[in-house]
Amino acid sequence: MTRWDPQIELARLLEALAQEIVAASDDDVRGGNLAKSVIRASADEVRRVIDGVLGDAAESGDVDASLPYAAFLREQRARQH
Amino acid sequence: MERFTERGIGSIVTVESTTADVARAIHALTAADLVRLKALARLWTRGLPEVLGWSDVLHEAIARALDGSRKWPSGVPILAFLSSVMRSICDDQWRRARREGRLLARDDDFEAGEGEARATAPDPERALAAAQALAAVNGLFCGDPGALKVIAGLADGLTPAEICRLYGMSERDYDTTRRRMRRALLRRGLEWSEP
């Protein structure tokens, strides 16, 4: 009899569930009893995280400055200072 | 992934415009994609030992993708790629916590050999956190016996066909259950409290 290893089980399970989330359709997102406001708020929250990283990357030169989004962020930051 | 070639001196070099591609792909994510991304970040950060939230892990994953320390493999969807980067960040976090725990333990070890025994022993803290995280995932589907069967099968590493055979589920039942699970994961992924 093999010993129960919760770490291995969890790793397998999280991997499988992550695949389910990736494979979820737009209908699954909208049809999961999620209020529109929750979807909007969550999307805004994630976009703020993304903006933060893209802004940092544009400043450090990791993102091509000719990229419209990076250029926009750089311009916006320059205006703020 | 976009590739372009540059003619160097006497050779053709294939260049991957990884950073620009990643930035463009992330910028192009729809609201539904962003919801999926948050649910993924929440999923991977379940039970992390340190005070590291889903947004920290997501931030780090995007930063690693943009600075090129993690390459976006051709043909892999951007969400799947970012999910794998987040998983690796969370694994690193566990390893770091374990290493620090060992260093602390070594300081406390007076008897020779005790430190080595600890180093090869299973990590009880991580095992406990894993057991708690498994219980939390099971709790997520506690009202859905079909989903619990699928979860048990996935945790055992079974294929969909094996899960259907083991639990006497039809292919249709399995697909319907998976759809319910996806919706519950998305719903609860946004509602789960910070780890």
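The values are calculated or read from the model by the stated rules, or taken from the named source; none is laboratory data. What you are looking at is a predicted structure, and each value in this text was computed from that prediction instead of being measured. Methodologically, a virtual Cβ is constructed for each residue, glycine included, from the backbone with ideal geometry; neighbour enumeration extends over all protein chains shown.
A compact table of results
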{"read-out": "Inter-residue pairs, beta-carbon under 7 Å, first in contact (Cβ under 8 Å) with a residue 12 or more places away in the chain and within 7 Å of chain B (Cβ to nearest Cβ) and in the stretch A:26-54, second surrounded by 20 or more Cβ atoms within 10 Å (Cβ to Cβ) and outside any loop (DSSP other than H, G, I, E, B), 6+ apart", "value": "A:Leu54/A:Ala70; A:Leu54/A:Leu73; A:Leu54/B:Ala23"}
{"read-out": "Hits in the stretch B:138-179 - residues which are of a type in the set (D, E, K, R), surrounded by 15 or more Cβ atoms within 10 Å (Cβ to Cβ) and more than 28 Å from A:Arg3 (Cα to Cα)", "value": "B:Asp173, B:Arg178, B:Arg179"}
{"read-out": "Hits in the stretch B:166-188 (condition: within 12 Å of chain A (Cβ to nearest Cβ) and among the acidic types (Asp, Glu))", "value": "B:Asp175"}
{"read-out": "Residue tally, condition out of contact with any His (no Cβ under 6 Å at 6 or more places or on another chain), β-branched (Val, Ile, Thr) and either modelled with pLDDT of 90 or more or outside any helix (DSSP H, G or I) (or both), over the stretch A:9-60", "value": "4"}
